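Here is the structure we will look at.
What follows is calculated from the coordinates using simple rules that are stated; it is not laboratory data. Please read all numbers here as calculations on a predicted model, not as lab measurements. Glycine gets a Cβ as well: all are built from the backbone with ideal geometry, and neighbour counts include every protein chain shown.
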Amino acid sequence: MAQIDVDAFTAQVLSHWDWSGEDRAFGDASSPESGHKDEQHKPKVKMSVKRRMKASEREKLRMRSLAEALHQLREYLPPDYSRGAQPLTKIQTLKYTIRYIKELSSILEQQI
């Protein structure tokens, strides 16, 4: 089984990420923020109140879903990774999960 350096892989992926917009595809070079001055820009269309409310509700549900997933992920981590009474932050949860998976993988590799 090949071992992947998760930190290096994550750094490589994030270095190619398009941070300029949230709705754009990964590395979308055709986005208006990509630096192409000669592209025609469409004027922004104002969203209706009803449509904005629906979008806000979807975002709230998305954030609740993410929070629930992180909570469940924290429950799988051993107590050594917790900070006591304070819950782990999102990034700490993800980093500790990566570390824990590496430790488990190492144990499995030693048994093969």
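Of note:
- Reachable lysines from residue 54, criterion Cα separation under 29 angstrom, eight or more residues apart if same chain: 42, 44, 46, 90
- Of the peptides 88-96, 43-51, the ranking by mean beta-carbon count within 10 Å, highest at the top, reads 88-96, 43-51.
- Stretch gain in nm, segment residue 75-residue 51, where the contour uses 0.36 nm per residue and the Cα spacing is subtracted: 5.0 nm
- With the simple model of a label 7 Å out from the Cα in the direction of the Cβ, residue 110 to residue 41 spans 5.8 nm.
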